[in-house]
Amino acid sequence: MSQGIYLNFIKDDRWKYITDGLKVTLEVTLFAVLIGIAIGFLIAVVRSTYDKTGKLKLLNGICKIYLTVIRGTPVLVQLMIIYFVIFGPVKISKVLVAVISFGINSGAYVAEIFRSGIMSIDQGQFEAGRSLGFNYVQTMWYIIMPQAFKNVLPALGNEFISLLKETSVGSYIALQDLTKGGDIIRSRTYDAFTPLIAVALIYLGLVLLFSWLIQILERRLRQSER
Amino acid sequence: MSVDYGSPLIQVKGLGKQFGDLKVLEGINLDIDKGDVVFVVGPSGSGKSTFLRCLNRLEESTAGHIYFEGADITDPKINIDLHRQKMGMVFQQFNLFPHMDVLKNMILAPMKLQKKSQSEAEKEAMALLERVGLADRAHAYPSQLSGGQKQRIAIVRALAMKPDVMLFDEPTSALDPEMVGEVLNVMRDLARERMTMVVVTHEMGFAREVATRVMFMEGGNFLEEAPPEEFFGNPQNERLKAFLSKVL
Ligand SMILES: Nc1ncnc2c1ncn2[C@@H]1O[C@H](COP(=O)(O)OP(=O)(O)OP(=O)(O)O)[C@@H](O)[C@H]1O
Ligand SMILES: [Mg+2]
């Protein structure tokens, strides 16, 4: 056991594959989620504006195609297309490609989270805003969005957690993330058990940690409503 | 007590509203003068709410015109948001903003739309809260208020914009009976101050007491209009007689 730990982590500073990989995993997840939130927010605004007013028909159509394609194909295939096809001819950082790919992918799911959040706000809130003289955008911004955002924060947290795990497929484009880090150690030491179990435990620990944070957040939000 | 207020504050001409094939309002004409307290009563589904909501275009009319302070607000090119700032509306379900405390609910529109400073908006809001006896709830959240308190806040939130007319859609229908009085008191005070009001309600006693004119709506039009003593004491229209015998 202690010999396994020495061989897999201490010798040649192999632990650095794990810590460097972890850094990449968290980095990719965080920035992908931010891109996802930005894309998701815009799409949700377009879609709910169309639902409420019938305006933005063309944009709504484009958004629907995006949602259908992204949610209808595996994220790994999207990642490989973006890396090998779209950015094939140019030299570009794998981290950046991963951030873009997972961001675009996540945007489709976040869009639906936001949309359901907007739609869950009572129509009376919208009418109260408009009757005071706020225009559509102001009503969305001051009245609807803050409430919708609060409602969907837990769901956004869950999206962050699934993305955290999903980024492990980045190793298919040789992204040096946590999964790849464990895999590199495995290929050096010919010991699969120790590094892969360690990687699994780190993922599990992160997921439990973030789930716990989301729970605290949810409790806080519920309290401030009462 | 006939005071000349000049041309009507609100003029409704040939107003119609259809939902798809369903004709809900047809050929409505009405002049509302400054200081009028117009009560609209009638059976459920007759179009009272739809009429009220057409007045500030929460509902888009499908025929006719509405002139507010001389401007045709049914004109699609008009900036309706500007005119809505002068038309307060109070809803059956209060529709306070649950993510803001009472004071924030009240100062949001004056600050963002009338560019008032926070201190000025707060000072005016506190004066309004004082008037309806809720100054001590300024920092409460809507979920911490009773129904009657919520509706009084909703009224002063609308008043904070200093509107020229107030529209009420069954403001007491969602309240427990013991809370109706406190809301009616606020509305009574407003009427006494000659605020122009259009009120849809089922509170016949209150209509009789406060209204300057009572309108009976059925089937999407006004079948009778009279001062309250006549309206309730000597109704002419057969449908109105039948309606009153049911509700009084
Ligand atoms: N958005 C809508 N779409 C379709 N039909 C509608 C819509 N809103 C109202 N209606 C219909 O219009 C008619 C008038 O409704 P309205 O709400 O104005 O009546 P009301 O007099 O306010 O009734 P109540 O006293 O029950 O509030 C009803 O038949 C109603 O079903
Ligand atoms: Mg109604």
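Each reported figure results from applying straightforward, stated rules to the coordinates on display, with no laboratory input. Please read these numbers as outputs of a predicted model, since none were measured by experiment. Because the Cβ atoms are built from the backbone with ideal geometry, glycine has one as well, and the counts that use them run over all protein chains shown.
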Which stretch or stretches of the range B:87-118 have amide N atoms under 17 Å from the point lying 7 Å from B:E193's Cα along the Cα→Cβ direction?
-> B:87-90, B:106-107, B:110
If the convex hull of the alpha-carbon atoms of the protein assembly as shown is projected onto planes in all directions, what is the mean projected area in square nanometres?
-> 30.3
In the range B:1-86, the trypsin sites (Lys or Arg not before Pro) that sit in a DSSP loop and have at most 10 other Cβ atoms within 10 Å of their own Cβ are B:K77
Rg(Cα) / (2.2 N^0.38 Å) computed for the range A:2-225, rounded to two decimals = 1.23
Can you pull out the trypsin sites (Lys or Arg not before Pro) in the range B:179-221 that DSSP calls coil and that have at most 16 other Cβ atoms within 10 Å?
-> B:R194
Dividing the convex hull volume of the alpha carbon atoms of the range A:1-65 by its residue count, what do you get in Å³ per residue?
-> 112
Largest first and to the nearest Å, give the Cα extent of the range B:82-222 along each principal axis.
-> 45, 34, 26
May I ask you to derive the relative contact order of the range A:1-146, considering only C-alpha pairs under 8 Å and at least 6 residues apart, and to give it as an integer percent?
-> 32
Excluding residues fewer than 8 places away in the same chain, name every one of the lysines whose C-alpha is closer than 17 Å to that of B:K77.
-> A:K55
Give, as a single signed number, the net charge of other residues whose beta carbon lies under 13 Å from the beta carbon of B:F94, with Lys and Arg counted +1 and Asp and Glu -1.
-> -1
Which of rounded, prolate, oblate describes the range A:167-226, given a ≥ b ≥ c as roots of the alpha-carbon gyration tensor eigenvalues and a/c under 1.5 marking rounded, otherwise prolate only if a/b is larger than b/c?
-> prolate
What do you get when you divide the Cα radius of gyration of the range B:74-114 by 2.2 N^0.38 Å, with N the number of residues?
-> 1.40
Where in chain A are the helices, taken as whole DSSP H runs, whose Cα atoms extend 30 angstrom or more along the long axis and whose Kyte-Doolittle mean reaches at least 0.0?
-> A:15-53, A:94-119, A:193-225
Say the cut-off is 27 Å between C-alpha atoms; which of B:K48/B:K150; A:K150/B:K86; A:K64/B:K112; A:K57/B:K17; B:K116/B:K150; B:K17/B:K115 go over it?
-> A:K150/B:K86; A:K64/B:K112; B:K17/B:K115
Inter-centroid distance (Cα atoms) of the range A:1-42 relative to the range A:83-124, Å = 20
Max mean-square fluctuation residue, GNM over chain A, Cα-Cα springs under 10 Å, options A:L30, A:L79, A:L208 = A:L208
How well do other chains shield peptide A:129-141, expressed as the mean number of their Cβ atoms within 10 Å of each residue Cβ?
-> 6
Positive minus negative residues near B:F19 (Lys, Arg vs Asp, Glu; Cβ under 13 Å) = -1
One-quarter of the Cα convex hull surface for the range A:89-156, in nm²?
-> 6.3
Rounded if a/c under 1.5, otherwise prolate or oblate - the range A:66-110, Cα gyration tensor axes = prolate
Given Cα pairs under 8 Å that are at least 6 residues apart, what percent is the relative contact order of chain B?
-> 26
Cα-based radius of gyration of chain B once divided by 2.2 N^0.38 Å, which approximates compact folds | 1.01
Taking a ≥ b ≥ c as the square roots of the eigenvalues of the Cα gyration tensor, with a/c under 1.5 meaning rounded and otherwise prolate when a/b exceeds b/c and oblate if not, the range B:162-248 is prolate
Tell me what chain B gives for mean residue ellipticity at 222 nm when only DSSP H runs of n ≥ 4 count, each as -39,500 (n - 2.57), the sum divided by the residue total, rounded to 500 deg cm²/dmol.
-> -11000 deg cm²/dmol
Enclosed volume per residue, in Å³, of the convex hull spanned by Cα atoms of the range B:1-95 = 125
For q = 0.14, 0.20, 0.22 Å⁻¹, what log10 I(q)/I(0) does the range A:32-143 give under the Debye formula with an equal point scatterer on each alpha carbon and no solvent?
-> -0.64, -1.02, -1.15
